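What follows is a short report on a single structure.
The values are calculated or read from the model by the stated rules, or taken from the named source; none is laboratory data. No experiment lies behind these values; they were computed from the predicted model shown. So basically every Cβ, Gly included, is an ideal-geometry build from the backbone, and we count neighbours across all protein chains shown.
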Amino acid sequence: MREEARTRLANRLRSRFEEIEQAASLRVHAISDPTEIADPDYREGLPSAVVAALDYGIAAFECEEDRSPPIPNLLLTQARLAARGRVNLDAVMRRYVAGYTVFADFVIEGAEEEGVSSSSSLKVLLRIQAALFDRLLSAVTDEYNREQGQAESSGERKAEQVRRLLLGESVAAPGLGYDLGAHHLALAASGERAEECLGEALADLDCRLLVVCGEGTAWAWLGARRKIDPGEVVSRLWAVKLCGAIGEPAEGLAGLRLSHRQAQAALPIALRGPERVVRYRDVALLASILADDLLATSLRRSFLAPLERERDGGAGARQTLRAYFAAARHVSSTASALGINRNTVAKRLGAIEQAIGLSLDSCATELEAALRLEELGRDRTGPQAARLRTTSQISTLPPRKVT
């Protein structure tokens, strides 16, 4: 099969990427065992893994016939998460087979639309995909088995205790060397020196520090006899130039888990937004929307997509709205910030209301959230979104070591 024909097929598949992703995701998520899908890291990684696997499959048609694209690191990370979370390898493989079956159907359909009707050409296409799929399954299996065989050290056993603790299981407190009944404040930090920087920033606090290190991410808990001041912790993280997030102060075992979930939800905001260190209380709504694909997509389509029909693609409307919200929805202050007169601002806001079909007063919260999500890059779709999600994917459980 000629190289230009394979390139045209790849372009056709990329043009239908969102449709393929939705179909594959439905099939993959249909293979569900409650005891397996309960692991939060593996579950949350499935959407990004589907995107990465499809991107990998399409990339095979863009390479020379005797070459294959590299296996995405995200898929190897997902295999390690499955092993750590004790997700059955058979279930992992069945999910890959399900996604491959859907993708193969789209390949055949796309080939027919491109006029690739000869049986020999179709055989070439399917042979390329079969070889790629076999290579992928082999790599995922090897990574899964390798990770499974690395859980014997005492540090990893202690890390497993933390993992089980966060999943709601009963764990003996003495084995952790940390008072589960204390006042807690959970932290999350990203970077190669995250653990070292946390120790440096928090060493002289009158607290016990528990740190769990994953792949480029450190999860930590401060435990004390009295409530911990989040403001002081934030300023200390700023001082050591960490990128991280903190939860809210809470007491007891339930509080430890809650504060951790809050830090976990807030960390993507720190990784993508302008603030290097964030507190959950300050980004709670945005963090919740960011984690909800349906809500994030719906906000974009309802409040931002209508603005794109303007000649400038909605750039002027977005600029006006951001200034308007920054000015606490005060028209005169907005005009001053933009260097235009008040009537011009009022006309722009009226045009925006007409475009979205709602008054700004009735949808201000949703519209401002949609704009903030856009700034974080959450509204992207297709292979580019896969790469964005890959860079912000957070590996939480189980960790490599505990201190």
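Restricted to region 226-249, and to residues there that are touching a Pro at 6+ places or on another chain (Cβ under 7 Å) and among the β-branched types (Val, Ile, Thr), the residue that is nearest to residue 272 (Cα to Cα) is 246. Only one of the numbered conditions (1) within 16 Å of residue 82 (Cα to Cα); (2) loosely packed, with under 12 Cβ neighbours inside 10 Å; (3) modelled with pLDDT under 75 is not met by residue 138, and that is (3).
Criterion applied to 350, 339 was being farther than 16 Å from residue 367 by Cβ, out of contact with any Lys or Arg (no Cβ under 7 Å at 6 or more places or on another chain), exposed (fewer than 13 other Cβ atoms within 10 Å of the Cβ) and assigned by TED's automatic domain parsing to the domain that holds residue 371, and the one residue passing it is 339.
Table: residues versus (1) hydrophobic (A, V, I, L, M, F, W, C); (2) surrounded by fewer than 20 Cβ atoms within 10 Å (Cβ to Cβ); (3) in contact with a strand residue (DSSP E or B) (Cβ under 8 Å, 6 or more places away or on another chain); (4) within 29 Å of residue 190 (Cβ to Cβ).
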| site | (1), (2), (3), (4) |
| --- | --- |
| 274 | no, yes, no, yes |
| 294 | yes, yes, no, yes |
| 301 | no, yes, no, no |
| 313 | no, yes, no, no |
| 316 | no, yes, no, no |
| 328 | yes, yes, no, no |
| 346 | yes, yes, no, no |
| 354 | no, yes, no, no |
| 360 | yes, yes, no, no |
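Scan region 270-279 for residues that are closer than 17 Å to residue 236 by Cβ and either at pLDDT below 90 or among the hydroxyl-bearing types (Ser, Thr, Tyr) (or both) and the total you get is 2.
The single condition from (1) under 20 Å from residue 166 (Cβ atoms); (2) surrounded by 14 or more Cβ atoms within 10 Å (Cβ to Cβ) that residue 254 fails is (2). Restricting to region 244-273, name every residue that is in contact (Cβ under 8 Å) with a residue 12 or more places away in the chain and of a type in the set (A, V, I, L, M). Hits for region 244-273 are 245, 246, 250, 253, 256, 263, 265, 266, 267, 269, 270, 271. Yes or no: region 83-100 includes at least one residue that is over 30 Å from residue 164 (Cβ atoms) and either at pLDDT below 90 or among the charged types (D, E, K, R) (or both). Within region 83-100, not a single residue is over 30 Å from residue 164 (Cβ atoms) and either at pLDDT below 90 or among the charged types (D, E, K, R) (or both). Scanning for something within 24 Å of the chain's Cα centre (by Cα) and either at positive phi or part of a helix (DSSP H, G or I) (or both), does region 106-113 turn up at least one residue? The answer is no; no qualifying residue exists. Scanning region 250-292 for residues that are under 30 Å from residue 348 (Cα atoms), in contact with a Pro (Cβ under 9 Å, 6 or more places away or on another chain) and of a type in the set (D, E, K, R) yields a total of 0.
Screening 222, 267, 187 for residues that are buried (at least 19 other Cβ atoms within 10 Å of the Cβ), outside any helix (DSSP H, G or I), modelled with pLDDT of 90 or more and within 20 Å of the chain's Cα centre (by Cα) leaves exactly one candidate, 187. Taking the criterion of being closer than 19 Å to residue 164 by Cα and among the aliphatic types (A, V, I, L, M), the residues of region 208-251 that qualify are 209, 210, 211, 212, 218, 220, 222. When the test is whether a residue is without any contact (Cβ under 8 Å) to a residue 24 or more places away in the chain, under 22 Å from residue 266 (Cβ atoms) and either assigned to a helix (DSSP H, G or I) or among the hydroxyl-bearing types (Ser, Thr, Tyr) (or both), residue 295 passes it.
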